[in-house]
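These notes are about the structure you will find just below.
The values are calculated or read from the model by the stated rules, or taken from the named source; none is laboratory data. Since we're looking at a predicted model, the values are computed, not measured. When we count neighbours, we look across all protein chains shown, and the Cβ atoms used for this are built from the backbone with ideal geometry, even at glycine. With ligands, DNA and RNA removed, areas are computed over all heavy atoms of the protein, side chains included. Shrake-Rupley method; radii C 1.70, N 1.55, O 1.52, S 1.80 Å.
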Amino acid sequence: MATSRQGPFDDRDGVIWLDGEMVPWRDARVHVLTHALHYASSVFEGQRAYNGEIFKLTEHSERLRRSAQLLGFELPWNTQEIDDACRQVLKANNFVDAYMRPLAWRGSESMGVAPGNTKPHMAIAAWEWGKYYDPRHSEHGIRLEIAPWRRPAPYTAPTESKASGLYMICTLSKQQAEQRGFDDALMLDWRGRVAEATGANVFFVRDGALFTPIPDCFLDGITRRTVMDLARKRGIDVVEKAIWPEELESFEQMFLTGSAAEVTPVQSAGPWRFEVGDLTRQLAKDYDDLVNGRILNA
């Protein structure tokens, strides 16, 4: 995972948008008894700016509001206001290419499992961030372990939301993978089907067609949908289906997609190995061209 050369995230120059105001970076703080810190009542987005433009910004802002609603709270800022705030943050920090993190959470007005009269808050930060994975892997692909944790069933958690609490098992899985020398982990769902990586969707290639799991218990990512559109524009068949681990042996290529990961090739997942083939390279180039304005929007 890419790291920043700027030091700890609580000790930087710059500004963060906090509840409608630009606040000096080091002053953007919340109390230790904030409901979200204790009960995971927070949602967030990850998005990137390229050449001064935030890619698919409105889709991200809409999803942030929808995620909050799924957790039972309504943001007092509409989609346009969130869009505008994100652009203000990018401009105020003098960034052209950046990663952005809008975050919304329940405050500290009351404490307990029930949220009581907690008020919603929102912050938006941006920082310069390179490739999520080591850029050398764009040539040879990353290595995935099979995660020890599984994506939960949709009747056990609000799996359509980008909720912070749902990332606990992702953190545990990626931490273990890195400790064992892997780059990331491939997660199965509660049924044992292939789901996603810890922070990115997965795709496979077989006989010139693209295959990806049905997102019925994990996020239908914005980058995921974008890559599917790019593939269809090239006349590539895109198949959404249930994928069991034993089927991975039949696939020739594998790659991940996400706002942070962009399009990242995979060389192995557990015992299964893949080539970094032409179709993966082409879709990675198409995505790079799209986000950098070299081709029309998909």
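In a residue-by-residue description of segment 54-77, the property of being surrounded by 15 or more Cβ atoms within 10 Å (Cβ to Cβ), part of a strand (DSSP E or B) and at pLDDT 95 or above applies to at least one position.
Taken as a whole, the structure leaves ALA114 outside the set of residues that are over 18 Å from HIS31 (Cβ atoms), among the hydrophobic types (A, V, I, L, M, F, W, C) and touching a residue at least 24 places away in the same chain (Cβ under 8 Å). Tell me whether segment 280-297 contains one or more residues that are of a type in the set (A, V, I, L, M, F, W, C), out of contact with any His (no Cβ under 8 Å at 6 or more places or on another chain), at pLDDT below 95 and over 28 Å from ILE169 (Cα atoms). So far as segment 280-297 goes, yes, one or more of its residues are of a type in the set (A, V, I, L, M, F, W, C), out of contact with any His (no Cβ under 8 Å at 6 or more places or on another chain), at pLDDT below 95 and over 28 Å from ILE169 (Cα atoms).
Let's see how each residue does on (1) open to solvent by 60 Å² or more (accessible area, probe 1.4 Å); (2) within 22 Å of TRP129 (Cβ to Cβ); (3) at pLDDT 95 or above:
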| residue | (1), (2), (3) |
| --- | --- |
| ARG224 | no, yes, yes |
| ALA231 | no, no, yes |
| ARG234 | yes, no, yes |
| VAL239 | no, no, yes |
| GLU252 | yes, no, yes |
| THR257 | no, yes, yes |
| VAL263 | no, yes, yes |
| ALA269 | no, no, yes |
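Scanning segment 38-52 for residues that are in contact (Cβ under 8 Å) with a residue 60 or more places away in the chain and either in a loop (DSSP other than H, G, I, E, B) or buried (at least 16 other Cβ atoms within 10 Å of the Cβ) (or both) returns TYR39, ALA40, SER41, SER42, VAL43, PHE44, GLU45, GLY46, GLN47, ARG48, ALA49, ASN51. Can you find a residue that is in a strand (DSSP E or B), in contact (Cβ under 8 Å) with a residue 12 or more places away in the chain and in contact with a strand residue (DSSP E or B) (Cβ under 8 Å, 6 or more places away or on another chain) anywhere in segment 228-239? Looking through segment 228-239, at least one residue is in a strand (DSSP E or B), in contact (Cβ under 8 Å) with a residue 12 or more places away in the chain and in contact with a strand residue (DSSP E or B) (Cβ under 8 Å, 6 or more places away or on another chain). Among the residues making up segment 174-189, those that are of a type in the set (D, E, K, R) and open to solvent by 50 Å² or more (accessible area, probe 1.4 Å) are GLU178, ARG180. Residues that are touching a Leu at 6+ places or on another chain (Cβ under 9 Å) and in contact (Cβ under 8 Å) with a residue 24 or more places away in the chain were ranked within segment 16-34; the one that is most open to solvent (accessible area, probe 1.4 Å) is HIS31. In segment 123-145, the qualifying residues are those that are surrounded by 16 or more Cβ atoms within 10 Å (Cβ to Cβ) and in contact with a helix residue (DSSP H, G or I) (Cβ under 8 Å, 6 or more places away or on another chain), and the one that is modelled with the lowest pLDDT is SER138. Close Cβ contacts (under 6 Å, 6 or more residues apart or on different chains) running from residues in segment 190-213 that are in contact (Cβ under 8 Å) with a residue 24 or more places away in the chain and open to solvent by 20 Å² or more (accessible area, probe 1.4 Å) to residues that are assigned to a loop (DSSP other than H, G, I, E, B) and small (Gly, Ala, Ser) comprise TRP190/ALA153; ARG193/ALA242. Just one residue in the set ALA163, ALA157 is in contact with a helix residue (DSSP H, G or I) (Cβ under 8 Å, 6 or more places away or on another chain), surrounded by fewer than 19 Cβ atoms within 10 Å (Cβ to Cβ), within 23 Å of SER67 (Cα to Cα) and of a type in the set (A, V, I, L, M, F, W, C); that residue is ALA157.
Just to verify a result, which residue in segment 110-122, among those that are more than 14 Å from ILE16 (Cα to Cα) and among the hydrophobic types (A, V, I, L, M, F, W, C), is least open to solvent (accessible area, probe 1.4 Å)?
The first filter runs over segment 110-122 and keeps only residues more than 14 Å from ILE16 (Cα to Cα), leaving 110-120.
Now narrow it down to the ones that are among the hydrophobic types (A, V, I, L, M, F, W, C): 111, 113-114.
Numbers: MET111: 90, VAL113: 118, ALA114: 73 Å².
This residue is ALA114.
Here GLY192 does not fit the description of being modelled with pLDDT under 95, farther than 30 Å from THR58 by Cβ, more than 18 Å from the chain's Cα centre (by Cα) and part of a loop (DSSP other than H, G, I, E, B). Close contacts from segment 81-107, counting a first residue that is at pLDDT 95 or above and a second that is charged (D, E, K, R) and outside any strand (DSSP E or B), with Cβ to Cβ under 6 Å and a gap of 6+ residues or different chains, come to ALA98/GLU128; PRO102/GLU45; GLY107/LYS119.
Taking into account only those residues within segment 85-109 that are assigned to a helix (DSSP H, G or I) and open to solvent by less than 60 Å² (accessible area, probe 1.4 Å), which is farthest from TYR155 (Cα to Cα)? Break it down into steps so the answer makes sense when it comes.
At the first step, the residues of segment 85-109 found to be assigned to a helix (DSSP H, G or I) are 85-92.
Adding the requirement that they be open to solvent by less than 60 Å² (accessible area, probe 1.4 Å) leaves 85-86, 89-90, 92.
Numbers: ALA85: 34, CYS86: 33, VAL89: 37, LEU90: 38, ALA92: 42 Å.
Within segment 85-109, the match that is farthest from TYR155 (Cα to Cα) is ALA92.
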